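What follows is a set of notes on a single structure, which appears directly below.
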Amino acid sequence: MVVRDYNTELTYIERISANSFRIKKGFQPNMNVEGIFYANSRLEKLMFDELRNSCRPGMTGGFLPGVKQIANVAALPGIVGRSVGLPDIHSGYGFAIGNMAAFDMSDPTSIVSPGGVGFDINCGVRLLRTNLFEKDVKPVQEQLAQSLFDHIPVGVGSKGIIPMNAHDLEEALEMGMDWSLREGYVWAEDKEHCEEYGRMLTADPSKVSMRAKKRGLPQLGTLGAGNHYAEIQVVEEIYDKYAASKMGIEELGQICVMIHSGSRGFGHQVATDALVEMEKAMKRDKIETNDRQLACAR
């Protein structure tokens, strides 16, 4: 792959508004469409610093700069429109974090790639609105924080406090949120706020490797490590009253709980297993990508 200096790289990136940038074809090899990303001044600096550092002699290893990853996705077969970087864009696995792309599945050359999901499958953020206010929590905030640490396993190697055996895990994988409802961990109305009402009816645990199940068995109900968190938050300002009211947020000072977590070792192993199959498919179908982290199949 051609290595260019930073100033040459910049000739392929064009500012199109105060907060958006176009990545021209040719920035990375075989681009089928252009790229675009959105960034405020702070994120803009981080994005271009990332690119500048990658141009330094001897810089190898680690993730590619986010702008390069956006461009590599633009080179995938069957992509339509543009490869898009949303305002949280930063380097990730294959796809940049915040990188989105659409593929025309009527195109026989189109692909699917686990790199579009990454290793922390189903990683996401959920906001829980409570009936409490800041005045209710302030006097007991230290006890509340300690209670969270006592009841929510966190960190690398943490194990869940939910009693589980292999059969339980099989049921949880197949039933999804219905399993949590049966076991008393959620309310029925919680399903209304989840994709597919919390259960994919075609879920088939037999497609998941024993290695993945073994890694996931002790981790159900854990928060994990990295930037995953359970956070007590206070509503300080409401920007969109209509949207906030739909979430039950109507007053300043309300207490919310935000949870950021994913699928831990289970999801990581599922992704690893899928990538092995994708690499086989690439050899079989003679598919080439700019980055092996974008391993894919038709």
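The values are calculated or read from the model by the stated rules, or taken from the named source; none is laboratory data. Just so we're clear, the structure is a prediction, and the values are computed from it rather than from any experiment. Cβ coordinates were reconstructed from backbone atoms using ideal geometry, including for glycine residues, and neighbour counts include every protein chain displayed.
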Next on the checklist: Name the residue that is surrounded by the fewest Cβ atoms within 10 Å (Cβ to Cβ), counting only residues in segment 225-276 that are of a type in the set (Ser, Thr, Tyr) and over 26 Å from the mean Cα position of the chain (by Cα).
Outcome noted: TYR242
Checklist entry - From GLU237, GLU251, which residue is outside any helix (DSSP H, G or I) and closer than 27 Å to SER147 by Cα? => result GLU251
Checklist entry - Residue check: is LEU169 assigned to a helix (DSSP H, G or I), of a type in the set (A, V, I, L, M), over 30 Å from ASP204 (Cβ atoms) and in contact with a helix residue (DSSP H, G or I) (Cβ under 9 Å, 6 or more places away or on another chain)? => result no
Next on the checklist: I need the full set of residues from segment 1-30 which are surrounded by 13 or more Cβ atoms within 10 Å (Cβ to Cβ), touching a strand residue (DSSP E or B) at 6+ places or on another chain (Cβ under 8 Å) and of a type in the set (A, V, I, L, M), in order please.
Outcome noted: ILE13, ILE23
Item to check | Of all residues making up segment 215-234, the number that are on the phi > 0 side of the Ramachandran plot and in contact with an Asp or Glu (Cβ under 9 Å, 6 or more places away or on another chain) | outcome: 2
Next on the checklist: So the check is Cβ under 9 Å with 6+ separation or different chains; which pairs have a first residue in segment 91-109 that's outside the structural domain of LEU43 (by TED's automatic domain parsing) and assigned to a strand (DSSP E or B) and a second one that's surrounded by 19 or more Cβ atoms within 10 Å (Cβ to Cβ) and acidic (Asp, Glu)?
Outcome noted: none
Checklist entry - Going by the structure shown, is ILE36 under 21 Å from GLY226 (Cα atoms), β-branched (Val, Ile, Thr) and not in a loop (DSSP other than H, G, I, E, B)? => result no
Next on the checklist: Among the residues in segment 62-84, are any surrounded by fewer than 19 Cβ atoms within 10 Å (Cβ to Cβ), in contact with a Leu (Cβ under 9 Å, 6 or more places away or on another chain) and not aromatic (Phe, Trp, Tyr)?
Outcome noted: no
Checklist entry - Any residue in segment 214-221 that is out of contact with any helix residue (DSSP H, G or I) (no Cβ under 9 Å at 6 or more places or on another chain), touching a residue at least 60 places away in the same chain (Cβ under 8 Å) and under 21 Å from HIS260 (Cα atoms)? => result yes
Next on the checklist: For segment 283-298, which positions are of a type outside the set (Val, Ile, Thr) and surrounded by 19 or more Cβ atoms within 10 Å (Cβ to Cβ)?
Outcome noted: ASN290, ASP291, GLN293, LEU294, ALA295, CYS296
Checklist entry - List the pairs whose first member sits in segment 258-270 and is under 16 Å from GLY157 (Cβ atoms), whose second member is part of a strand (DSSP E or B) and of a type outside the set (A, V, I, L, M), and whose Cβ atoms are under 7 Å apart, counting only residues at least 6 apart or on separate chains? => result SER261/GLY224; GLY262/GLY224; ARG264/GLY224
Checklist entry - Failed condition for ARG126, given (1) in contact with a Ser or Thr (Cβ under 9 Å, 6 or more places away or on another chain); (2) within 30 Å of ASN32 (Cβ to Cβ); (3) assigned to a strand (DSSP E or B), with all others met? => result (2)
Checklist entry - In segment 145-152, is there at least one residue being of a type outside the set (S, T, N, Q), at pLDDT 95 or above and not assigned by TED's automatic domain parsing to the domain that holds SER41? => result no
